[in-house]
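Here's the structure, in structure tokens; my notes come after.
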Amino acid sequence: MILVTGGTGLVGSHLLYELAVRGRQVRAIKRSGSHIGLVRQLFLWYDPAHGEELFSNIEWVEGDINDIPSMQEALVGVRYVYHCAAVVSFLPDDSQLMMKVNVEGTANLVNLSLQNQVEKFCHCSSVAAVGRPERGNHVDESLVWKTSGSNSWYSISKYGSEREVWRGAEEGLASVIVNPTVIVGPGDPSRSSAQLYQSVKNGLKFYTNGVTGFVDARDVARLMVLLMEGDISGERFIINSENLPYRDLFTLFAKYAGTRPPRYRAGRFLTEMAWRLEKVRSFLTGQKPLITRETARSGNVKRYFSNEKVIKATGYTFRPVEEAAENTSLFFQKHPIYLSPDFRM
Ligand SMILES: NC(=O)c1ccc[n+]([C@@H]2O[C@H](COP(=O)([O-])OP(=O)(O)OC[C@H]3O[C@@H](n4cnc5c(N)ncnc54)[C@H](OP(=O)(O)O)[C@@H]3O)[C@@H](O)[C@H]2O)c1
């Protein structure tokens, strides 16, 4: 039996589909307020003929990674764990929640996996938990994360959660860690990287100068399974298809969504102004800011990620980012309800 956490999220839902197609026996945790409707639609999207049956083969159990008894129950009879649950946020108000869920929640799962003699553990980390390169160099797995005032709380929590997995590995838990770049795919557009498509569809006008890595959600899911089912253990892998300017991704989304791509460049000065104004607006209205200090600053950074290690280990060929953008857009064209402002999954 395989246990998947975060199965209702962007990564987890694609992973559930990948495992279901391979005929694996899968248990997925959901919380009392989780919505699994989008996961079912994804299964039908990728396989209209068999999606319903594949989805019905997933065993959903209620649990929260911060609730140890529920995780203890979920782990009964489990040999493999894929841990994709996390809070992905750049809102300063979410810092405590991220430390609680991402770090403490991962520690709980690692401890329980050790206790239950789980055979292998796959942790979905992030490039936010990898160190920064000297100017101009590519980011690879060897870079060590360093404490710095410019680290976001998300980055701190992802590094903290990765450390829990390394600790588990030292205590005997066979594990593999994936560090994806920005993941592109159909998912709940109110959260995580799935928000990017929604912004472009809603007519985003500004783009920033930054460059980063992007990868299709289907590639992340497939590589997690390939790495889990192979002999590799005690290693981490950057999962990246292409390094592109943010503007290129926005232009691809706009192309497939039939909207105008963002056309005004927001340089450092403008983005620094924007996050401060948003902070004031958020304080006065109680609404979440559309841009934060972290998103403003990372939007102007140029970072290039190496995918050499994972290609060497698996021989994998990544889908172009354009395919990921097209897939995302076509899904939402078929299911516009998920983009409706009144709809909350
Ligand atoms: N998206 C990206 O671009 C990206 C890039 C690199 C790495 N990652 C990593 O990939 C992983 C998955 O991210 P995602 O994009 O799929 O995020 P997501 O769409 O926001 O999904 C987050 C998932 O975590 C679950 N979750 C949150 N708190 C939980 C808790 N206390 N107990 C149990 N489940 C909980 C959510 O469940 P509910 O449905 O109940 O809320 C949901 O299933 C994360 O570790 C993230 O850091 C993401």
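In order along region 159-172, the Karplus-derived 3J(HN,Hα) couplings, from 6.51 cos²θ - 1.76 cosθ + 1.60 at θ = phi - 60°, round to 5, x, 6, 4, 4, 5, 6, 4, 4, x, 5, 5, 8, x Hz, and Gly and Pro are given as x.
Placing dummy labels 7 Å off each Cα toward the beta-carbon, the span from S56 to T314 is 3.1 nm. Per residue, the average separation of C-alpha pairs within less than 8 Å and at least 6 apart gives the chain a relative contact order of 18 percent. Ranked by the mean number of other Cβ atoms within 10 Å per residue, highest first, peptides 329-341, 138-150, 241-253, 192-204 order as 241-253, 192-204, 329-341, 138-150. From helices alone, the chain scores -12500 deg cm²/dmol at 222 nm; the rule is -39500 (n - 2.57) for each run of n ≥ 4 DSSP H residues, then divide by the residue total. Subtracting the Cα-Cα distance of R31 and R167 from their residue separation scaled by 0.36 nm leaves 46.3 nm.
The radius of gyration of the Cα set in the chain, together with its Dmax, comes out at 19.3, 55 angstrom. One chain, two ends: Q333 and L114. Fully extended at 0.36 nm per residue, the span grows by 74.4 nm beyond their Cα-Cα distance. Measuring nothing but how far apart in sequence close Cα pairs (under 8 Å, 6+ apart) lie, relative to its length, region 19-89 scores a relative contact order of 33 percent. Label-to-label distance for S150 and E235 is 3.1 nm, based on points extended 7 Å past Cα in the beta-carbon direction.
Of all lysines in the structure, not one has an alpha carbon short of 19 Å from that of K309, not counting any fewer than 8 places away in one chain. Protection proxy ranking of 41-52, 180-191, by the mean of other Cβ atoms within 10 Å over each peptide's residues and highest first, is 180-191, 41-52.
Shape analysis of region 152-230 based on the Cα gyration tensor places the equivalent ellipsoid semi-axes at 30, 16, 11 Å, largest first.
Ordering 160-167, 228-235 by mean Cβ neighbour count within 10 Å, with the highest value first, yields 160-167, 228-235.
Computed from the coordinates by the stated procedures, all read-outs in this text should not be read as laboratory data. Note that the coordinates shown come from a computational prediction; the quantities given were computed from them, not determined experimentally. Neighbour counts run over all protein chains shown; Cβ positions are idealised from the backbone, glycine included.
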